[in-house]
Each structure stands twice: as structure tokens, then as C-alpha cells.
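K.L.:
Sharing a structure, written as C-alpha cells. Questions coming.
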Amino acid sequence: MLRELPSRIFSSKVRFVIPVLAVAALKILCSIFLYHRLSILGSFYTPWMEAWGSLGPTQAWLYLFNAQDSGFYIALARGWYAYPMYVFFPAYPVLIMAAGALTGDVWLSAFIISFTLGLAALPLLQSVAEQYMTRPEAAGSTMLAATFPYMFVFTTVSYTESLFLFSTLTAWLLYLKRRLTLSALAATLATLTKTYGVAVVIPVAAGLLAERRFRQLPQLAIPVLSLIGWIYYLYISTGDPFVFSTQQSYWKAQGVGFGWYEVYLKPLLDFNVWKPAEFNYLLVALIIFFGYMAFTVFSVDSRLGLYSLSIFLPLLHMGNFISMPRFFAFIFPVWLVAKPRNLLALLAAVAFFITASLLVWYQFILGTWVA
């Protein structure tokens, strides 16, 4: 049924605009709904108003988009690094700092960056998808990805996910267009956004090797050297080059579980009979689902299959367990596996995803740790 839509739409650049407008409208409508929901007692309220006090946003509506780790990014933009914030990489805080100099409001700047780049990533995802499927299928795949709850929420709130998705998609798309220098610069941005951002050089390097473009391989040193430079900066600042990893102990001390082995397998091996009662079936199902998609990417593009597994497997072992579905949703190649062909099924999935997104977003604002 998707193929029966007017061919003129898919033969023009309008095809890239439609998902952006649809997702933007959905985000605005969801924001309005949540604002009214959180004003049910007469005035808008979230727990973060008390937690942040005078340091929080001056405009109440910004609390819809700033909660939990958003406060750490703002603190970095205002005062740079201190314990335990070395776990966060610098690209997003630096952008907030720069935009804040123009807007005069770092909270507003953080929201603008995330919201704008979240929407800007959609045409990039659609462009990449069109390399592997028909244009109608690519549009449908983009809508599925954009409305998936973790993707929908965390490309809206003030988190690093929008910047990460935008930079990794840009790096791969520019590689496909044989503009390697710009691709390497986009990969550098990804590298300085998340711990595993540098992994985007893996499919690019694999592609260059397969195409025997050996002379261009040294350009990939740009993101790698940026990571080494950041590690060196951490070393001279703290004495610990891997402080972004060791300071995870701050969250671990608060009961945060890291990795499949630590949360489930280790208690089993220790014969902890009480642990199975805490088994989170939905979370495990999501992780298995994304694992299946990550492996299936090999049937689409082996280079991107390497990229997907290079992130999925280390995160499965070491990552923050509750946050894994959020991390995995932003491994962009997994969405290339989805090729929706039925318009009604696509609309039903989007409706279900948006309902779930409201639940996740609502709990996120109220301080429930959802990801």
C-alpha cells in the first residue's frame, strides 16, 4: 500500500519533508498534552523545579525537555568538568555553551540543539535508507524509527542522542557520497559526543579497504586522534586517562546495574535465588529484539553489520542495563532492517509507539529512571 501513494511525492524532495513535519507536529502535540497533564493541580509542576531551584530553567515549559542528566550537561556548559561528570563527552556541552552565548539561556539552547538536530537527522536517515530499499519503504522505515519511544523522546529532550544520531548518519552518508574528509569530520563530532562514537570509523574503514582506497585511510586518523586527544586531556586534568569509565562508580554506588553479565548472569552463577524475582522481561525482550536486528544488518550491508555489532556487544557487556534500549535504538543501521510495505500497519505501529512515548516521556519528567 505504501507503493500506491502518489509517485510524484517520492520523485521529489518533498518526500524528505513529510516525515519531518509529521514528527515535529507529533512532538508539539505531545508536549502540549504533557504540559496540561502536569498542570492538573492548577499550575505546571515537575520535581526538577525543586531539585534545581534557582539554577533551573527560568521558563516553566522548558522543564518538559530538561530532566535527569540534562542537568549535568547544563552544569558542564556553565562550569566545565568536575566529579562525577567526566563520564560525559564534551561535544554537546560545548555546543550548549556556544549557543547559550547567542541566546543568553543555556537551558533553551540545550533544548534547541537536541530538538533541531533530532528533526534534521530524519532526512539523513531516509537518505541512507534509500540506498538499501525503495523510497516509499525508506519513508516508512524513517517514521518507524522516529516514533519508536526511546528515539522519539530522546531526540526531543536535552540529551546527546540527537547529536550522536545526526553525526553518525552524516559520517556514513558523506562516505557513500565519497566525501571522505567531511565524513571524517562528522565522525570526529560523533567521537566527542559519546564514548563509543568513534566506532563509526569501522564501517568506513571496511568500505575503503574493500574498495582498495588505501590512500584515503589516513583521513580516518582525524576522529581517532580526537579521541586520543580527549583521553590525554583527561589524563593531565585528573591523572586518569579513562576517568570517563572509572567515574561510572558514582552511579554504580546508587544501585545502577551495568551489563548483561552483572545484572543477570553473575547472580545466576552465584546462585542468588532472589535475583530472578527482579527479572525485567520487557527490558530483556527489547534487548533481544535489538540484538536480532543488529545481526540482521549483515544481510543489508556487511560494513554496517560490523558497526552495529561493534556497539551492541560491548554495550551488552559493559553498558548501563536499564539504558540499553535507548543506546541500541540509536545504532542507526538497525532501522534499515525494517521495510514497512503496508500503510495501515505502519500507521498502527506509529500510533502504538506514540502512546508508549507519552508514557516514557511522562515518567522521565517525573524522575522515574526509564533510560
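Any read-out appearing in this document is the output of simple, stated calculations on the displayed coordinates, not a laboratory observation. On a predicted model such as this, the values are computed, not experimentally measured, just so you know. Counting neighbours? That spans all protein chains shown, and the Cβs are built from the backbone with ideal geometry, glycine included.
K.L.:
Taking the Cβ-Cβ separation of Ala253 and Val14 as r and a Förster radius of 45 Å, what is the calculated FRET efficiency to the nearest 0.05?
P.N.:
Working: r = 52 Å, r/R0 = 1.15.
In this case the efficiency is close to 0.30.
K.L.:
Grab the DSSP H runs of the chain that are 4 residues or longer, score each as -39,500 (n - 2.57), total them, divide by all residues and round the 222 nm result to the nearest 500 deg cm²/dmol.
P.N.:
Roughly -19000 deg cm²/dmol at 222 nm, from the helical runs in the chain.
K.L.:
Near Lys13, which lysines are there with a Cα under 21 Å away, not counting those fewer than 8 places off in the same chain?
P.N.:
Straight-distance partners of Lys13: Lys177, Lys339.
K.L.:
Computed FRET efficiency, Cβ-Cβ of Glu211 and Leu313, R0 30 Å: what is it to the nearest 0.05?
P.N.:
0.70
K.L.:
Beyond 17 Å, what share of the Cα-Cα pairs of segment 211-356 is found? Please give it as a whole percent.
P.N.:
74
K.L.:
Using a 7 Å offset from the Cα along the Cα-to-Cβ direction at both Ala60 and Tyr232, what is the distance between the two label points in nm, to one decimal?
P.N.:
For Ala60 paired with Tyr232, the spin-label model returns 5.1 nm.
K.L.:
Would you mind ranking Tyr83, Tyr175, Tyr264, Tyr281 so that the residue whose beta carbon has the fewest other beta carbons within 10 Å leads the list?
P.N.:
Tyr281, Tyr83, Tyr264, Tyr175
K.L.:
Name the long-range amide H neighbours of Asn320: under 5 Å, sequence gap of 5 or more, or other chain; modelled H, no Pro or chain starts.
P.N.:
For Asn320, whose amide H was placed from the backbone, the distant partners under 5 Å are Gly259.
K.L.:
So between Glu50 and Ala351, what do we pick up on full extension, going 0.36 nm a residue minus the alpha carbon distance?
P.N.:
On the way: separation 301, 0.36 × 301 = 108.36 nm, distance 3.37 nm.
So the chain would gain 105.0 nm between Glu50 and Ala351.
K.L.:
Right, here's the next one. Can you give me the distance in nm between label points at Arg78 and Glu262, each placed 7 Å from the Cα along the Cα-to-Cβ direction?
P.N.:
My value for the distance between the label points is 2.9 nm.
K.L.:
Set the Förster radius R0 to 30 Å, insert the Cβ-Cβ distance between Ile288 and Thr134 as r into 1/(1 + (r/R0)^6), and round the FRET efficiency to 0.05.
P.N.:
It comes to 0.60.
K.L.:
Over segment 98-139, one equal point on each Cα, no solvent: what is log10 I(q)/I(0) by the Debye formula at q = 0.32 Å⁻¹?
P.N.:
Those come out to -0.96, one per q.
K.L.:
For segment 101-198, compute the orientation-averaged projected area of the C-alpha convex hull (one quarter of its surface), in nm².
P.N.:
Average projection, Cα convex hull of segment 101-198: 6.8 nm².
K.L.:
Could you give each residue of segment 8-18 its phi-based ³J(HN,Hα) in whole Hz, using Karplus coefficients 6.51, -1.76, 1.60 with θ = phi - 60°, and x for Gly or Pro?
P.N.:
3J(HN,Hα) across segment 8-18, in whole Hz: 4, 4, 7, 9, 10, 5, 4, 4, 7, 7, 4.
K.L.:
In square nanometres, what is one fourth of the surface area of the convex hull spanned by the alpha carbons of segment 67-156?
P.N.:
Directional mean of the projected Cα hull area for segment 67-156 stands at 6.7 nm².
K.L.:
So how do Ile28, Ile9, Ile112 line up by other beta-carbon neighbours within 10 Å, fewest first?
P.N.:
So the residues, fewest neighbours to most, are Ile28, Ile9, Ile112.
K.L.:
Give the peptides 55-61, 200-206, 315-321 in descending order of average Cβ contacts within 10 Å, highest first.
P.N.:
Details: 55-61: 14.6, 200-206: 22.7, 315-321: 19.1.
Going from most to least packed, we get 200-206, 315-321, 55-61.
K.L.:
So, one more: Return an integer: the convex hull volume of the alpha-carbon atoms of the chain, in Å³ per residue.
P.N.:
161
K.L.:
Moving to a separate point now. List residues of segment 244-260, by number, whose backbone nitrogen lies under 13 Å from a label position 7 Å along Cα→C-beta of Asn280.
P.N.:
Taking a point 7 Å out along Cα→Cβ of Asn280, the residues of segment 244-260 whose backbone N falls under 13 Å are 255-260.
K.L.:
In whole Hz and in residue order, list the ³J(HN,Hα) couplings for segment 339-351 that follow from phi through the Karplus curve 6.51 cos²θ - 1.76 cosθ + 1.60, θ = phi - 60°; x for Gly and Pro.
P.N.:
Ordered by residue, 3J(HN,Hα) equals 10, x, 10, 10, 5, 5, 5, 5, 5, 5, 5, 4, 4 Hz.
K.L.:
Sort Ile287, Ile231 so that the residue with the fewest other Cβ atoms within 10 Å of its own Cβ comes first and the one with the most comes last.
P.N.:
Ile231, Ile287
K.L.:
Leu29 to Gln363: extension gain in nm, 0.36 nm per residue of separation minus the Cα-Cα distance?
P.N.:
Separation in residues times 0.36 nm, less the Cα-Cα distance, equals 118.5 nm.
K.L.:
Under 18 Å between alpha carbons, and skipping anything fewer than 8 positions from Lys252 in its own chain: which lysines qualify?
P.N.:
Straight-distance partners of Lys252: Lys266, Lys275.
K.L.:
Pop out the ³J(HN,Hα) list for segment 103-118 in order, Karplus 6.51 cos²θ - 1.76 cosθ + 1.60 with θ = phi - 60°, rounded to Hz; leave Gly and Pro as x.
P.N.:
With coefficients 6.51, -1.76 and 1.60, one gets 8, x, 8, 5, 5, 5, 4, 4, 5, 4, 4, 5, 5, 5, 5, x Hz.
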